[in-house]
Each structure stands twice: as structure tokens, then as C-alpha cells.
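Asker: What follows is a structure written as C-alpha cells; I'll ask about it next.
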């Protein structure tokens, strides 16, 4: 358990040591929240959708968690190149514990990022409707963070260079985000997009946050929780297996 705690704490310290990283990671969510929230807000309201900030904020919170969680996998490649990972892997502890520690650390950092964006959303004008479900929203944040941290770890475990990781992440992350319902409602979409959204893991995270914060769940909170829980467990298993195969 000690190695899990050490690696968890190391990930968190890395995050707070880099002010540039914190500020930089908040730039895109803040830009989208302001530009889209106030830019498309009047159009969304005239179309009968209500306050767009209320609809948009859960999606932007999910986006912040998504990017922070997945890109924590980059640190595995850095550790490969600079030798820290080798020192960790030769230690007399199981690789499963190492992977759990790194994943919990990356997931915790991603949840912190989501909470910061949540606070910024409150300043911008977002108002949660279900304070009694607020704690449940943090559960959904944690599930999103753990799933995508494990996904980033799994991908980084089979890659050797940073360029390949960034290529795959850009090819994967943007479709996941834009087809998750983070920016637009899932009701009334073409069947093809609806089908893609229904198999997109992030869709259930966005929907869970929207349901707990503003009563806007499309799939239903129980469905969101069940799907996210199952796929998170599966991804943790896959990530652990691929991480165990890293050669030093």
C-alpha cells in the first residue's frame, strides 16, 4: 500500500508544482465556457432551450477532466525516457500496485481540475439545481477521471515516443468530446450520431453530471452510473495488463 500512496502523492505534487500547467489546462475550458456560453446563449434561449450556461457547464467540466486524465498517460512516456519508470518497475512491488498508484494519482488530479472548472462555472453564472445530488456529481467526476486515466495509461504503455501518443490522443479525444453531448442536446439528432453518442463512454459521464447538477439526464442516472462503473473496471483491467507488459 505504501507504493500506491507514494505514487498517488507524486502525481498530485507534480500538478501543484507547475503553475503554468494549471493555468494552461484551464485556458481551453474557460474559453469555451465564455465564448460558447455567451455567444450561443441567446440563440439557444430563443430556440426554447433555456439558459445555455446551465446546459454547457457540465459538459465543460467533463472536458477538463477528460483532457487532464488522458494526458496524465504522457508522464509514463516521460518516465520511460528519463529512467524513472525503470527504477520504479525494478522495485520489489507488483506492477499492479504501481499502475493503481499512478491511476489514482492521475484521477485525483483530473477531479481537482474538474472542481476548479466547476468553481469557475459558478463565477460565470452557472447554478446547480440539485444541491442534494451535488455529492453524487463528484462520484461521476471520479468515474470519468479513473476511466480516462486508465485509458491514457493503457495507450502510453504500448508507445515509446511522445509524437505517437499526441497523434492518437488528438485523433481520439476530439471525437469523444464533440460526440458526447457536451455542447449540444442528444435529443432529435440523426440516428448515426445518436448511435455513436450511445457507445461513447464520455456521453454517460456528461449525462451523469448534467443529471446530478441540472436535472438534464438523457439516459438516466442509474444507466449512467452502471455503464461508467462497468467500463471503468474493464479499462482498469486492460490498463493494468498492458502496463504489466512494459519492457525495461
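Asker: How high is the FRET efficiency from residue 170 to residue 231, r the C-beta distance, R0 22 Å, rounded to 0.05?
Answerer: The value I calculate is 0.50.
Asker: If you fit an axis through the alpha-carbon atoms of helix 19-39 and take the longest principal axis of the Cα set of the chain, what angle between them do you get, 0 to 90°, nearest 10?
Answerer: 20 degrees
Asker: I've got another one for you. Taking 8 Å as the Cα distance limit and 6 or more residues as the minimum spacing, I'd like the relative contact order of the chain as a percentage.
Answerer: Relative contact order for the chain comes out at 26 percent.
Asker: In addition: Per the helix-only calculation at 222 nm, which mean residue ellipticity applies to the chain, given -39500 (n - 2.57) for every DSSP H run of n ≥ 4 and division by its residues, nearest 500 deg cm²/dmol?
Answerer: Rounded to the nearest 500, the figure is -26000 deg cm²/dmol.
Asker: Further question on the same structure: Relative to the longest principal Cα axis of the chain, at what angle does helix 52-71 sit, 0 to 90 degrees, rounded to 10?
Answerer: Result, in degrees: 10.
Asker: Now for a separate question. Once the Cα atoms of helix 134-157 and of the chain are each reduced to a long axis, what angle between those two axes, in degrees from 0 to 90 to the nearest 10, is obtained?
Answerer: 50 degrees
Asker: Return a whole-number percent for the relative contact order of segment 14-157, with Cα pairs under 8 Å and 6 or more residues apart as the contact set.
Answerer: That works out to 35 percent.
Asker: Still on this structure: In nm², what is the average projected area of the convex hull enclosing the Cα atoms of segment 88-171?
Answerer: Averaging across all directions leaves 7.7 nm² for the Cα convex hull.
Asker: For the residues 6, 76, 112, 144, what sequence is obtained by ranking on other C-beta atoms within 10 Å, fewest first?
Answerer: 6, 112, 76, 144
Asker: How many nm separate the modelled label positions at residue 43 and residue 195, each set 7 Å beyond the Cα in the direction of the Cβ?
Answerer: My value for the distance between the label points is 2.8 nm.
Asker: What's the ranking of 146-152, 157-163 by average number of surrounding C-beta atoms within 10 Å, highest first?
Answerer: 146-152, 157-163
Asker: Next up: Using packing as a proxy for protection, rank 131-139, 224-232, 55-63 so that the peptide with the highest average count of other Cβ atoms within 10 Å comes first.
Answerer: 55-63, 224-232, 131-139
Asker: Right, next: For the chain, count the residues as N, evaluate 2.2 N^0.38 Å, and divide the Cα radius of gyration by that value, please.
Answerer: 1.02
Read-outs: derived from the displayed coordinates by stated rules, not from any lab. Please read all numbers here as calculations on a predicted model, not as lab measurements. Glycine also receives a Cβ, built like all others from the backbone with ideal geometry; neighbour counts cover every protein chain displayed.
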